[in-house]
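The values are calculated or read from the model by the stated rules, or taken from the named source; none is laboratory data. For clarity, every value in this text was computed on a predicted model and none was experimentally measured. Every residue, glycine as well, gets a Cβ built from its backbone with ideal geometry; the counts of neighbours run over all protein chains shown. Only protein heavy atoms, including side chains, enter the accessible area calculation; ligands, DNA and RNA are left aside. Shrake-Rupley method; radii C 1.70, N 1.55, O 1.52, S 1.80 Å.
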Protein chains: 2
Amino acid sequence: MTPPAATAPQAARAATGNATAGNAREKILATAFRLFYAQGFRAAGIDTIIAESGVAKATFYKYFPAKDELILAYLEKVDAVWTGQLHAAAEAAGDEPAAQLVGLFDALTTACRRDGYRGCAFINAAAESPAGTRVHDRTVAHKQQVLAWIRDLAGRAGARDPDQLARSLTLLLDGGLASGVLDGSPDAASAARSTAAQLVAASLKTPPAPGGNP
Amino acid sequence: MTPPAATAPQAARAATGNATAGNAREKILATAFRLFYAQGFRAAGIDTIIAESGVAKATFYKYFPAKDELILAYLEKVDAVWTGQLHAAAEAAGDEPAAQLVGLFDALTTACRRDGYRGCAFINAAAESPAGTRVHDRTVAHKQQVLAWIRDLAGRAGARDPDQLARSLTLLLDGGLASGVLDGSPDAASAARSTAAQLVAASLKTPPAPGGNP
DNA sequence: AGACTACCAGACAGATCTGTCTACGGACAG
DNA sequence: CTGTCCGTAGACAGATCTGTCTGGTAGTCT
């Protein structure tokens, strides 16, 4: 797994040659990661983030000229982490693409079990920012990346209709992410996994009836 | 200093024939319904709601002693509206429970197509309020009501495992609600419907393998 | 030594948000 | 006529949030 190279590791470091430069930035980002996810980024104020990361206000505004920049950086980090977990879960299921399509749902199970789980950070982010904003656009981009990856897996698995299968699986994934917090019972994730297994299996069979669709 | 589109209070009262104290309450709730859904209830301020509903501040606080009360009333209204749409879509599909299980997804399609669609109001609400709050609890209750209704339909349809089928379908429904805004393409809803049809059909067939399944 | 860099501490301005409170007016029953 | 209910209009307090700005400390490079 490779961390996304496109995620803003400030060229200032290379410019100054200072190895410790940007240490404060990481602390801020780590705190934001925690607070934004736990409370939403409208409820988590700059002052709180600054206080909890033990950083001066001027330092904060040096790295993140506006709160929006921090939110975007947060989403970038969430994307990297969640994508990494999805890929890891898929690979843990073996080399067969079909098995990986099911295995990736183990990342959902793990996420739902985690303490303080509050659903999909991107869905939550989109709920807090209207369409057309950069935050919203970043969310759309993330979802499309995941969809494209699953579609690729479905194609390599030999699915009858990779597009359709990928869409069904992302629906299950998003549904599990969204309702994992809401459904009182914790088995939404395992239900998503078994449903995914059923869909994958059905999509790999040869078409039974070429007849019309009611 | 002229309020935009000033709604003459006397005229409005005369139009409705007065007689109903609490006319202002409905106006407030209607405005909140619109603004809360469009912006989230953290971004939509009391002052804006008061101004846009053409109501005095004291009147607002008479009916809703705190913003939380308005949010709860809003969720109550959303619950009634969305549940009504789900039931209507199901009934429009005929009398057969199996057909209704698929037909209810037409409510999702309609919702996604609606202008200004911003996903599930409850999921968005939960994203803005931490677990343990009344808002969050109301969201959980709503989701469980929907789940119970679908489970009942699945049972009457003669599904092999009504619990499992209901859970799969709610996952698809929530996934469609959540990603209907995010997926660039608008066909998430129709994909959810066709996947639901597939799952319902598979669940009605006689069990192929009676082998013990953990 | 001087310059530069990274950082801390915190006051401050300006906006915004929730909720309270005063002042006023029309409708209607007793 | 008077009291009560419903409503408008808007000032106000107090909290909070974003973003700026000043001043001070420590390490590093030349």
Solvent-accessible area per residue for segment B:22-63 at a 1.4 Å probe radius, Å²? 48
What is the distance in Å between the Cα centres of segment B:52-100 and segment A:30-79? 34
Segment A:105-214 - percent of accessible surface contributed by carbon and sulfur, probe 1.4 Å: 54
Pairs to check: A:Lys77/B:Lys143; A:Lys57/A:Lys77; A:Lys143/B:Lys27; A:Lys143/A:Lys205. Give those whose C-alpha atoms are more than 32 Å from each other in this structure. A:Lys143/B:Lys27
For segment B:129-146 and segment A:118-196, what is the centre-to-centre distance using only Cα atoms, to the nearest Å? 21
Segment A:72-204, relative contact order in percent, only Cα pairs under 8 angstrom and at least six apart counted: 27
Distances in nm from B:Asn23 to the matching label points in the other copies, shortest first (labels 7 Å along Cα to Cβ): 6.8
Sequence of B:Val181, A:Val81, B:Val78 from largest to smallest accessible area, 1.4 Å probe: A:Val81, B:Val181, B:Val78
When the accessible area of segment B:22-63 is split by element with a 1.4 Å probe, what percent falls to carbon and sulfur? 54
What does the copy distance list look like for B:Asp187, label position 7 Å along Cα→Cβ, in nm and ordered from shortest? 3.5
Derived scalar couplings ³J(HN,Hα) [segment A:61-69; Karplus, 6.51 cos²θ - 1.76 cosθ + 1.60; whole Hz; x for Gly, Pro]: 6, 6, 7, 10, x, 8, 4, 4, 4
For B:Gln145, go 7 angstrom from Cα along the Cα-to-Cβ vector, then report the distances to that same point in the other copies in nm, smallest first. 3.8
Starting at the first residue of segment A:187-200, write each ³J(HN,Hα) from the Karplus equation 6.51 cos²θ - 1.76 cosθ + 1.60 with θ = phi - 60°, in whole Hz, x for Gly and Pro. 9, 4, 5, 5, 5, 4, 5, 5, 5, 4, 4, 4, 5, 4
Rounded to the nearest 10 Å², the accessible area of B:Leu199 using a 1.4 Å probe with every protein chain kept is 0
Total accessible area buried between chains B and A, 1.4 Å probe, in Å² to the nearest 100? 3300
What accessible surface, in Å², does a 1.4 Å probe find on A:Asp174, ignoring ligands, DNA and RNA and rounding to the nearest 10? 10
Using the Cα gyration tensor of segment A:19-65, with a ≥ b ≥ c the square roots of its eigenvalues, what is the shape: rounded (a/c below 1.5), prolate (a/b larger than b/c) or oblate (neither)? prolate
What does the accessible area of A:Arg134 come to, in Å² to the nearest 10, when a probe of 1.4 Å is used? 130
Whole-Hz ³J(HN,Hα) from phi, Karplus 6.51 cos²θ - 1.76 cosθ + 1.60, for segment B:30-42, glycine and proline x: 5, 5, 4, 4, 6, 6, 4, 5, 6, 10, x, 8, 8
Which value, in nm² and rounded to one decimal, describes the direction-averaged projected area of the C-alpha convex hull of segment A:83-191? 7.0
